[in-house]
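Novice: First the structure, which I've put down as structure tokens, then a few questions once you've had a look.
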Amino acid sequence: MHRINLLGAALVFAAAPALAQAQKSPYADYQRMAAENAPIELYELGGEELWKKKQGPRNVSLEGCDLGQGPGVLKGAYAGLPRYFADAGRVMDLETRLLYCMTTLQGRSREEAAKRVFGNADRASEMEHLSAYIARQSNGMKIAPGSSHPKEREAYELGRSLFFHRAGPWDFSCATCHGEAGKRIRMSDLPKLNDPKYAAPLMATWPAYRVSTSSFVTLQWRMNDCYRQMRMPEPLYGSDTTVALITFMTVTAAGETYRGPAIKR
Amino acid sequence: MNSARRILLQRASLLAAGLAAGLLRPLASLAAWNKDAFGAKASADALKALGATGAAPSAGIAIEAPDIAENGAVVPIEVSSNLPGTTAIAVLVEKNPFPLAGKFNFAEGALPYVKLNVKLGETSEVRVIAWAGGKTFAASKEVKVTIGGCGG
Amino acid sequence: MAAGPMKTRATQGAGFTEVRVLMTHPMETGLRKGPDGKLVPLHFIQNVTVKLNGKVVLESELSQAVSRNPVFTFRLKGGAKGDKIEISWLDNKGETNSTEAAVA
């Protein structure tokens, strides 16, 4: 049963030859114009407000939050994530770290702070606004996630294993869709994410404004949505699983110049 | 109180007075909006309501739009007119349920230029009408719309 | 319901002032089904007015075919640093919002 389903799914993917690297995507003009005309700035402004807003029982803002470059330092913070945080004793990506600061600095409960982490076209979530604002501060800088601490290497290895681990009712792994170059699903490219050549431009353009849903999306959302599409159980927001996968892909993309927040289809 | 709210309250009190006196139509029609043109389901009818039937093709209208849009919900269109005395530009999406997408009226001080995002229900001609020197002119460009995948 | 954020930015181009405005609005076509399975009613911005130093320079009439959370770019003749740009919208329900900025 699983094999048949997998075969059926595989047939959905085009057997078309890979686009030559030199060939411009037919959507290049569309993407350029849509990016110029996207309301990304509104999300960044919302993020700036939220970063500075006093919240929680402790009535403090997030400005004291250390995202890896020192308390309150935003420049280069996104480009340096995920990384190991000694105070938390684990590797964290941006959203996981923000949640940590919301609970420890602002005194908010995890339940309250993580209640609505994925927004919609009408209203972005706090995390989405913050991600847009913070990511902007890394625009133009080299992607350089932590990779020297043992826990960081562990997260990378876990991410790599998870990337190839087949599970769920369709026996899918990330690699099922993202493990081979030149694949697409309908008209969307499926980048080979364990290959720096393809991972780099991808990781350089998250978080992003998603044109098809007029909403702003982050990597935690993408992990969640991929798992949903694979018919896997829903991952916990900021879980070791999601952080490990994000670490794996970010390390694979290391060295690339970050150019987000960007747009996606 | 912010200015938007102030404007709304001013309008509301004027409106209340006007309605009481039976003099005013609803708020929405205080600003000009060509109901017949926007309500037209066929391009020809929209053009007729705009008074643009028989608009002459002109190279003086520039339309920049992608040849292929990855997503029909947001299609960026940039239009401008170099025809002297351009006072307005209208954008129509031929195959949309209601073709007229917008009409931009330029007063003294504005250039005949606009960039906006429109929805395209399907592959369609994007037709642009310019009013200049008492006449109407037209140009068009086809934009293809494809269905995307599930990622990104 | 309070209107969502709106922002405008005006910068000087070659002989013109470029005005970019970002609006928050669902621009519902009336053809979309909401999460409850019912059609979401028509709700869209019908008019956008641009003023330069208090004087109306541009009036736009829009349809529900303009994309959700509209972004417009306009160009104004001349315009000097510090000039005031004010942009307001009115939708089919009579709701409004506005924002202003100085030309940079």
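The values are calculated or read from the model by the stated rules, or taken from the named source; none is laboratory data. What you see is a predicted model, and the numbers here were worked out from it, not measured in a lab. Glycine also receives a Cβ, built like all others from the backbone with ideal geometry; neighbour counts cover every protein chain displayed.
Novice: Against the condition of a type in the set (D, E, K, R), surrounded by 21 or more Cβ atoms within 10 Å (Cβ to Cβ), facing another protein chain (nearest Cβ under 7 Å) and assigned to a strand (DSSP E or B), how does residue B:115 come out, does it pass? Before you say what the answer is, go through the steps one by one.
Specialist: On the way: of a type in the set (D, E, K, R): yes; surrounded by 21 or more Cβ atoms within 10 Å (Cβ to Cβ): no; facing another protein chain (nearest Cβ under 7 Å): yes; assigned to a strand (DSSP E or B): yes.
For residue B:115, the condition - of a type in the set (D, E, K, R), surrounded by 21 or more Cβ atoms within 10 Å (Cβ to Cβ), facing another protein chain (nearest Cβ under 7 Å) and assigned to a strand (DSSP E or B) - is not met.
Novice: I'm checking my understanding of the structure. Among residues of region C:71-87 that are more than 7 Å from chain B (Cβ to nearest Cβ) and surrounded by 18 or more Cβ atoms within 10 Å (Cβ to Cβ), which one is nearest to residue B:115 (Cα to Cα)?
Specialist: C:87
Novice: Quick test of your reading of the structure: residue B:73 fulfils all but one of (1) closer than 21 Å to residue A:32 by Cβ; (2) more than 7 Å from every other protein chain (Cβ to nearest Cβ); (3) not aromatic (Phe, Trp, Tyr). Name the failing condition by number.
Specialist: Only one criterion is unmet by residue B:73, namely (2).
Novice: Please go through (1) touching a helix residue (DSSP H, G or I) at 6+ places or on another chain (Cβ under 7 Å); (2) polar (S, T, N, Q); (3) more than 26 Å from residue C:70 (Cα to Cα) for residue A:218 and return the number of the only condition it doesn't satisfy.
Specialist: Looking at each condition in turn, residue A:218 falls short on (3).
Novice: Determine, yes or no, whether residue C:64 is assigned to a loop (DSSP other than H, G, I, E, B) and either in contact (Cβ under 8 Å) with a residue 24 or more places away in the chain or among the charged types (D, E, K, R) (or both).
Specialist: yes
Novice: When the residues of region C:8-27 are narrowed to those that are crowded, with 18+ Cβ neighbours inside 10 Å and part of a strand (DSSP E or B), which ends up farthest from the other protein chains (Cβ to nearest Cβ)? It would help to see each step written out before you state the result.
Specialist: Step one: of region C:8-27, the residues crowded, with 18+ Cβ neighbours inside 10 Å are C:8, C:10, C:17-27.
Still in the running and part of a strand (DSSP E or B): C:8, C:10, C:17-22.
Numbers: C:8: 10, C:10: 13, C:17: 9, C:18: 9, C:19: 9, C:20: 9, C:21: 10, C:22: 4 Å.
Going through the qualifying residues, I end up with C:10.
Novice: Okay, moving on. May I ask you to list the residues in region A:63-76 that are under 20 Å from residue A:106 (Cα atoms) and part of a loop (DSSP other than H, G, I, E, B)? Let's see the steps before the verdict.
Specialist: The first filter runs over region A:63-76 and keeps only residues under 20 Å from residue A:106 (Cα atoms), leaving A:63-74.
Answer for region A:63-76, where residues must be under 20 Å from residue A:106 (Cα atoms) and part of a loop (DSSP other than H, G, I, E, B): A:65, A:67, A:68, A:69, A:70, A:72, A:73, A:74.
Novice: Does region A:89-112 hold any residues that are in contact (Cβ under 8 Å) with a residue 40 or more places away in the chain and closer than 12 Å to residue A:56 by Cα, and which are they?
Specialist: Hits for region A:89-112 are A:102, A:105, A:106, A:107, A:108.
Novice: Right, something else. Test of understanding: among A:156, A:198, which residue is touching a helix residue (DSSP H, G or I) at 6+ places or on another chain (Cβ under 8 Å) and either modelled with pLDDT under 95 or closer than 16 Å to residue A:254 by Cβ (or both)?
Specialist: Criteria check complete, one pass: A:156.
Novice: How many of the residues in region A:223-245 are part of a helix (DSSP H, G or I) and out of contact with any Ser or Thr (no Cβ under 9 Å at 6 or more places or on another chain)?
Specialist: Of the residues in region A:223-245, 7 are part of a helix (DSSP H, G or I) and out of contact with any Ser or Thr (no Cβ under 9 Å at 6 or more places or on another chain).
Novice: Also, quick follow-up: When you scan region B:118-132, how many residues do you find that are at pLDDT 95 or above and surrounded by fewer than 20 Cβ atoms within 10 Å (Cβ to Cβ)?
Specialist: Result for region B:118-132: 1.
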